[in-house]
Amino acid sequence: MSLPLEAASTDLSTVTYLRSLPAIRDRCSRVYELAKQGKLEYFDYHPEKEKEVVDFCAEIIQRDFGTNYHSIPPHSRWRHLDAGKPRIQPLIDSWKAASPQIPDLEIAKRLIDLFLVSVLLDAGAGNQWRYKVDEQTYARSEGLAVASYDMFVQGVFSDDPEDPFRVDAAALERLNTEKVSTALQVSESNPMNGVQGRSELLINVAQALRSQVDYFGESPRPGNMLGEFPIISWHFLLGQSRKHNGKTAIHVSSLFGVLIEGLATIWPASRSSLSGVALGDVWPCGALAESPSANSKAVPENVKFSPGEKRNKRSSTAKGDDLVPFHKLTQWITYSLIEPIEKVLGWEVEGMEDMTGLPEYRNGGLLVDLGVLTIRNSAVSSYFSPGSSIPKLPPSHSAIIEWRAMTVIELDRIADGIRTKLGYQLKLAQVLESATWKGGREIAKQKRPETGGPPIEIERFVQDWVAVQVEISAMPTIFFRTSSASSSRETSTWHYFNLSRRFRFKTARRTGQQLPGAGPTARSFNSAAPCHATHYDALQLDKTASKHQIKSSFYKLSKELHPDRNPSASQETKDRYLAASAAYNVLVDDRRRRAYDHLTRRARATHAWDHSRRKSTQPPPPHTRSGAGAHHYYSRAPGSTQNSGLFSGRTMSGGRNMTDKGFTKYEKDLADEERVRNDSSLWRYLQVATLIAGVTALASGIAR
């Protein structure tokens, strides 16, 4: 019995490590060591080009600040919120001038509310979107910052009409895509990528705030991590503080910990997990998996941990050794919240050396555009659009993981080079603000003046492989939806898997009017391609396979089937890779694997209420809701035949959408099944109650 407990303890230690700040630089350093040896899968590293980056960044600093280096502000959302004109300091001044005067603690809480929501809204908006206010036009990060500021001061995020300057869980829960679109000035002529994803993320934030009372209080809002009125109950941060030189000092890991733990539930469930714990912005790296020497030690001796964190020493074969954490958005929030905590409360934040540069496309693009990193185009040849010289990759692709990991380490090296060149010890946050982020944007505009976009595009997955589990007694079906965004429009792709057919539909989702399977924008891909009976078959495993076996099998199949490694691969090989990828995304996550196993067990059940329905040829309509409650129906590709095997007795209706009558019948079938279940449950309850009553009466008789 001790082995499972030891394994569980090891996994939890690994989780703690991967969700810590020291792990980011440690794991990225391993990728960097492989780069020096030429062992990356997708990039070549040219260290001799680093001097060019240092010179380019130093020139930008001297152009904008001269030699007044101490005036360089830190990288923070504050800068974006002040785009065009100062906004935050005048807002603070107005609060201090109010009668009665607003306490500094409440001012800091309000700024934390604003900054956190503003950062979470800061995802790629696309090249076309603009935000106009006061005869000024803003785009990208600055536009989203100014828009979020206006939403904040207008009380969009507040549940108290008398106090608009706050972010409450109750107000976030009432947001929807229409409200967010209106606030962000989104229209047909002013499209934005991922509007629906932004509104759903804010709703997820509301749920996280409510579920983490210890961090966010009984009246949940982000600022309550500092304390809650009327009785100040310092939930976490002050409890982790100490007095230093007459100031309140907290370690940066305490603030980072509130965010990584308190907001853990807002990230997509399909992200990497270990022992059922979602890890967040943590991804497997193929280069690490292929190089055991890079994993000789899980935690190096020189890694420092904050109080309470356990050192985890593991062998090279331990689970999670191929995972690379970044926690980019959590670090971006941390950088942004530190500024009001220090400026308004006068606290001191220690341990900033644990923070890393942000692995995002501006910082990473600087390295690619100036030649420090060059992507091997032959390795990603299938990701180039016709006529484009820029590859577009999903965020989970190993090339993106390598790029991000190298960005983290290169930012450290570039910062050291800038300090040496200028003869001044700039903080990393100052380098990010004044040099690399700004430099990445400027070099992109020089090389791609039409768009100013990055040298490598990342698909913006709004919902990132959300599994919609449709429970049907005779036909358990798994659907996967990926929403990707480009500069021109947002698209949603649904992947449908069953025993003998796979359909893939693409449809415009910007307006929310077009439905999958309806109209000219829907099309089916390879409708006659074979698909594996179960996810286990797709990975060539049995149902008792461990997570380690699942990962090993997927890596093996990826090397064999991946389109990048087989540019001339047949359609069947590509289909096998898609099936393996879909299987891996389900089975590697404990919660989704349990749900999938439950569904497939139900498919083989022979309950009495199943028999009459198996003869029906009317398909159940897999559906979800979007926008104003519209249902998404699925149609069969022309020429498809009746399904067999596990899904026998169910066919997709001949190329047309499910009618209201068919949908009503499906609802009736489910209602009948539910009624039978309820009746059966009631009958079992009566049996048990009668048995208990009988035993009780018998015991009473014996006692007398």
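Tabulated data
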| quantity | calculated |
| --- | --- |
| Spin-label pair Asn245/Ser219, simplified geometry with 7 Å Cα→Cβ offset, distance in nm | 3.6 |
| Length added when fully stretched, Lys39-Arg684, from 0.36 nm per residue minus Cα-Cα | 225.9 nm |
| Of all accessible heavy-atom area on the range 341-429, the percent that carbon and sulfur account for (1.4 Å) | 49 |
| Asp590-Thr265 pseudo-label distance in nm [points 7 Å out on the Cα-to-Cβ vector] | 1.8 |
| With all protein chains modelled, accessible area of Met192 [1.4 Å, Å²] | 0 |
| Largest-first ordering by accessible area, 1.4 Å probe, given options Trp129, Trp267 | Trp267, Trp129 |
| Extent along principal axes [Cα atoms of the range 369-460; Å; largest to smallest] | 47, 28, 22 |
| Mean projection area, nm², convex hull over Cα of the range 1-124 | 15.3 |
| Solvent-accessible area per residue for the range 1-140 (1.4 angstrom probe, square angstrom) | 45 |
| Pairs beyond 18 Å (Cα-Cα), from Lys39/Lys559; Lys328/Lys447; Lys319/Lys551; Lys39/Lys328; Lys247/Lys343 | Lys328/Lys447; Lys39/Lys328 |
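The values are calculated or read from the model by the stated rules, or taken from the named source; none is laboratory data. Just so we're clear, the structure is a prediction, and the values are computed from it rather than from any experiment. Cβ coordinates were reconstructed from backbone atoms using ideal geometry, including for glycine residues, and neighbour counts include every protein chain displayed. Just the protein is used for accessible areas: all its heavy atoms, side chains included, with ligands, DNA and RNA removed. Shrake-Rupley method; radii C 1.70, N 1.55, O 1.52, S 1.80 Å.
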